[in-house]
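A short worksheet on the structure shown next.
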Amino acid sequence: MSYDLDQLKLAFAYSIVEEIVDADEEVTDAERRYLSEVFPSITLESCGFVDEEGKLNDAYRAAVAQSLEVLSTTLTLTQKLELIDMFMGASLADGEFHHEEGNVMIWASRLLGISTAELDGHLSSLPEVGELDLPEAEDGEAP
């Protein structure tokens, strides 16, 4: 099955945000709220990404797989950085930034084809980042 660009962005973003939320092995109420606000269940349902029990299904997994093939060459840098902003929001949802969450963001940026310089420049421009101690990664290096 082929998915449109919005469905691919949704599937990719949800998969990365889930990774970020789970990265520190403790999911807080604030992180659960962030997930439900950014990804309302009705949106996932309308894309056919959940089954009748509300669990992510094969269509969701297929869209994530397709997103990995498409997004890095289809999205503009601005669109990619908007996803990074969403990932930063997930990282800070509980009021703390964990290195594991930063590692997931770096990994996601590589999947999107964002260079280290582009990521660093963007993150340093975000007021909420402030003096966070972000992990470093070389171009092309998975965290």
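Odds and ends about this structure:
- When the Gaussian network model of the chain links Cα atoms closer than 10 Å, the mean-square fluctuations of 19, 53, 69 top out at 53.
- With R₀ fixed at 30 Å, the C-beta to C-beta distance from residue 4 to residue 32 puts the FRET efficiency at about 0.60.
- Simple Cβ-charge dipole of the chain, Lys/Arg +1 and Asp/Glu -1, about Cα centre, in debye nearest 20: 640
- Expected 222 nm ellipticity per residue - DSSP helices of 4 or more, -39500 (n - 2.57), all of the chain, to 500: -20000 deg cm²/dmol
- Cα Rg, Dmax, the stretch 10-62, angstrom units: 11.1, 30
- Computed Rg/Rh of the stretch 5-125, alpha carbon atoms with Kirkwood Rh: 0.96
- Of the residues 12, 71, 49, the one whose Cα sits farthest toward the positive end of the charge dipole of the stretch 5-125, with +1 on the Cβ of Lys and Arg and -1 on the Cβ of Asp and Glu, is 71.
- Rounded to 10°, Cα long-axis angle of helix 58-74 versus longest principal axis of the chain: 50
Where a number appears in this text, it was derived from the coordinates with a stated rule and is not lab data. Values in this document were obtained by computation on a predicted structure and should not be read as measured data. All Cβ positions, glycine included, derive from the backbone under ideal geometry; neighbour counts span all protein chains shown.
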